[in-house]
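The values are calculated or read from the model by the stated rules, or taken from the named source; none is laboratory data. Note that the structure is predicted; figures quoted are calculated from it, not measured. FYI the Cβ positions are ideal-geometry reconstructions off the backbone, even for glycines, and counts take in every protein chain you see.
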Amino acid sequence: MNLKERATIIHYHRHRIDTFGDGTIGALGWKAEESQTLRFEVIDDSMELDGRSVLDVGCGHGDLRGFLEDRYDDFSYIGLDHVPEFVHAARERYGAMPRTWFHECDVGAVNLPGVHYVVASGTLNYRCEDDDFHRHMIRRMFNAAEVTLIFNFLVAKRFPDHPLLRAHDPDELVAFCTELSPRVDVIDGYLEHDVTICVHQS
């Protein structure tokens with residue numbers, strides 16, 4: 001993803017901040033808090049996080065950290081995002097929690113630290129001139145995950161065309177993921193437009 005595309009995404013979210021307010025679910029681009037919670041529940045059901053670590057790529061306001069707080073006693077969390085306002089809000093909300101770090105960076109280029117689980121919720125939903133960008137990201141995230149990569153995305157046949165957001169063909173992504181690992185799970189039916197894929201290390 002090039003500099004212009006990253007700037008476009010930041011501008012898009014700053015416009016939504018102006019419209020819906022800083023720190024809101026609307027600023028992130030989600031329609032309702034309930035949909036974000038459903039995505040988090042699917043992610044949580046795919047992890048065994050006690051005594052382990054998770055990297056949240058495109059963490060937004062870091063709300064996954066807060067969601068996991070009541071479910072696990074001992075884990076480490078790293079959140080990455082390239083929207084400065086999101087990282088600021090995440091640090092304000094959850095930065096004081098133990099073993100919790102937030103970093104502002106280009107998630108498409110930064111070296112990803114090795115962790116047990118890598119999570120990307122909505123991160124692959126942006127348009128990019130590079131048709132291989134999402135596959136490049138999936139491979140990088142999978143290589144950083146010692147146990148499992150968990151990511152969700154918009155489904156092309158169910159999501160209307162959008163000037164900034166990109167939906168994907170689940171069959172295409174599953175085929176690519178099976179090149180990385182023979183152990184791939186697909187989770188559907190929790191939201192109209194979403195599918196989650198879990199890619200497990202062999």
Boolean, PRO170 is surrounded by fewer than 19 Cβ atoms within 10 Å (Cβ to Cβ), without any contact (Cβ under 8 Å) to a residue 24 or more places away in the chain and over 14 Å from SER46 (Cα atoms): no
Only listed residue being farther than 22 Å from GLY189 by Cα, surrounded by fewer than 16 Cβ atoms within 10 Å (Cβ to Cβ), out of contact with any helix residue (DSSP H, G or I) (no Cβ under 7 Å at 6 or more places or on another chain) and modelled with pLDDT of 95 or more, chosen from ALA90, ALA96: ALA96
Unmet requirement for ARG6, which otherwise passes all of (1) within 26 Å of PHE142 (Cα to Cα); (2) at pLDDT 90 or above; (3) among the charged types (D, E, K, R): (2)
Leading residue by the ranking (surrounded by the fewest Cβ atoms within 10 Å (Cβ to Cβ)) among those in the range 125-152 that are modelled with pLDDT under 95 and in contact with a strand residue (DSSP E or B) (Cβ under 8 Å, 6 or more places away or on another chain): ARG127
Residue among VAL199, VAL186 that is in a strand (DSSP E or B), without any contact (Cβ under 8 Å) to a residue 24 or more places away in the chain and touching a Ser or Thr at 6+ places or on another chain (Cβ under 8 Å): VAL186
Qualifying residue in the range 52-62 (condition: surrounded by 14 or more Cβ atoms within 10 Å (Cβ to Cβ), farther than 25 Å from VAL184 by Cβ and free of Cβ contacts under 8 Å to residues at least 60 places away in the same chain): yes
The lone exception for ASP130 - which of (1) assigned to a loop (DSSP other than H, G, I, E, B); (2) closer than 28 Å to GLY51 by Cβ it fails: (2)
